[in-house]
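Structure, as structure tokens:
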């Protein structure tokens with residue numbers, strides 16, 4: 001069912017300010033930066049072995065990431081689990097009593113199909129199911 005930890009999402013106020021820590025200090029390779037307008041966020045992906053770190057910068061004060069930072073501060077936002085057949089995984093989660101934020105997949109960074117589980121159903125952790133089709137790029 002779950003293949004791997006695809007990435008860990010980290011909320012940051014500014015990619016410009018945060019990236020030097022990840023690239024210069026931790027020596028992680030920057031794979032790319034893109035805006036996901038539908039989620040009001042700018043993301044940067046960094047290579048971390050088989051997984052990635054996804055830095056999330058809010059593009060507006062109404063962005064879910066901006067609200068997260070305002071409430072909790074910068075830090076780990078979510079853990080993305082790589083899956084195959086995301087629609088089947090969503091259905092399986094719901095059949096097991098898991099409350100889904102997304103009852104059907106939506107498009108995330110790098111064109112991945114994503115769906116979030118509600119943290120109340122996952123012991124306080126925001127999990128993202130993430131299915132990538134075709135050649136994997138960076139997110």
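All of the numbers you see were taken from the coordinates with simple rules; none came from a lab. Because the structure is predicted, anything quoted here is derived from the model rather than measured. Don't worry about glycine lacking a Cβ; one is built from the backbone with ideal geometry, like all the others, and counts go over all protein chains shown.
What is the ratio of the Cα radius of gyration of region 62-136 to 2.2 N^0.38 Å, with N the residue count, to two decimals?
Here the Cα radius of gyration is 1.14 times the empirical estimate.
Helix 86-95 against the longest principal axis of the chain: what's the angle in degrees, Cα atoms only, rounded to the nearest 10?
Around 60 degrees separate the two axes.
Taking 37 °C and 0.692 mPa s as the conditions, I'd like the Stokes-Einstein D for region 1-97 in µm²/s, using the Kirkwood hydrodynamic radius from alpha carbon pairs.
Working: Rh = 14.5 Å.
D, rounded to a whole number, is 227 µm²/s.
Quickly work out the residue 23-to-residue 70 label distance, labels modelled 7 Å from Cα along the C-beta direction, and quote it in nm with one decimal.
According to this spin-label approximation, the distance is 3.0 nm.
Assuming R0 = 22 Å, what is the FRET efficiency of residue 3 and residue 92, from their Cβ-Cβ distance, to the nearest 0.05? List each step's numbers first, then the result.
On the way: r = 14 Å, r/R0 = 0.66.
Between residue 3 and residue 92 the formula returns 0.95.
Kindly state, to the nearest 0.05, the FRET efficiency for residue 85 paired with residue 123, given R0 = 22 Å and r defined as their beta-carbon distance.
Numbers: r = 25 Å, r/R0 = 1.11.
According to the calculation, E is roughly 0.35.
Report the full-extension gain for the segment residue 40 to residue 99: residue separation times 0.36 nm, less the Cα-Cα distance, to one decimal in nm.
Details: separation 59, 0.36 × 59 = 21.24 nm, distance 2.35 nm.
Working it through step by step, the gained length comes to 18.9 nm.
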